[in-house]
1. Can you work out which of the residues in region 127-138 that are in contact (Cβ under 8 Å) with a residue 24 or more places away in the chain and farther than 10 Å from F158 by Cα is least open to solvent (accessible area, probe 1.4 Å)?
2. Can you report the number of residues in region 89-115 which are among the aliphatic types (A, V, I, L, M) and either open to solvent by 60 Å² or more (accessible area, probe 1.4 Å) or in a loop (DSSP other than H, G, I, E, B) (or both)?
3. Only one residue in I29, I19 is part of a strand (DSSP E or B), of a type in the set (A, V, I, L, M, F, W, C) and closer than 30 Å to A99 by Cβ. Which one?
4. For region 15-43, give me each residue that is over 13 Å from R82 (Cβ atoms), free of Cβ contacts under 8 Å to residues at least 40 places away in the same chain, open to solvent by less than 30 Å² (accessible area, probe 1.4 Å) and not hydrophobic (A, V, I, L, M, F, W, C).
5. Those residues that are surrounded by fewer than 13 Cβ atoms within 10 Å (Cβ to Cβ) and under 27 Å from A100 (Cα atoms), I need them from region 55-78; list them, please.
6. Given the conditions (1) in contact with a Leu (Cβ under 7 Å, 6 or more places away or on another chain); (2) modelled with pLDDT of 90 or more, report the number of the one that I43 does not fulfil.
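The values are calculated or read from the model by the stated rules, or taken from the named source; none is laboratory data. In this text the structure is predicted, and so the values were computed from the model without any measurement. Don't worry about glycine lacking a Cβ; one is built from the backbone with ideal geometry, like all the others, and counts go over all protein chains shown. Only protein heavy atoms, including side chains, enter the accessible area calculation; ligands, DNA and RNA are left aside. Shrake-Rupley method; radii C 1.70, N 1.55, O 1.52, S 1.80 Å.
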Amino acid sequence: TATKLKPVYYPNDSTLAHIDAGINGVWIIKNFDSTYNGKILKITPAYAITDSFNTPGWAAQILEEDERKRWIADKFSGLKRRDGPGDIYNTVPPPGPNAATGFDIYAYNKELVVAHGGYDNFWKFSGNRSGFSHFRDENWKIYQLYDYKPFGDSMVDFTHVTKGSDGTIYAASSQSGLFVLKPDGNYEIYKQGFFDESYAAPGKYRV
């Protein structure tokens, strides 16, 4: 005789996005198209729902590490961790550059410097305050407006970066001149008195 399939769950209010194996059961991920939120449920081999929680964003996959810790990969919110019951999450961003934008990259010998500023095809400023990021010896160091004191409140839109043979980093801005960072942490800023102001944007020092 033919074996009949037995429906055990009807996600009538959502789109079934993924199914993942868990401890003593399976996880069902469903997303709501209209609100960009969803819900994750755990179903036992006896078809009983033993856990359920909401997922703001758009969950794509879940990994159950143990009875309390679950990792959720979200298309909008990155990697999230849920410890224990409820809808409480601890977002765990991995080390990385300061921003998703990257107008220029210097890469050499397992070292990376990323300039996060920019401008468009008409040389219009982006106003990016994320500075530049430096990866070396498996660590990221961030240089951004306000957090890095030498930038004060005026060093923005870094668009080009390079590094000299002595370890000096040169970061050029489309608005704020040239920033030079020495290996010992000392720095120099070249703006007015060194570069001419932009004719099209007075008060700006394009490099």
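1. Here the residue is S133.
2. Residues in region 89-115 being among the aliphatic types (A, V, I, L, M) and either open to solvent by 60 Å² or more (accessible area, probe 1.4 Å) or in a loop (DSSP other than H, G, I, E, B) (or both): 5 in total.
3. One residue alone meets the criteria, I29.
4. G25, K30, N31, G38
5. If the condition is that a residue be surrounded by fewer than 13 Cβ atoms within 10 Å (Cβ to Cβ) and under 27 Å from A100 (Cα atoms), then F76 is the only one that fits.
6. (1)
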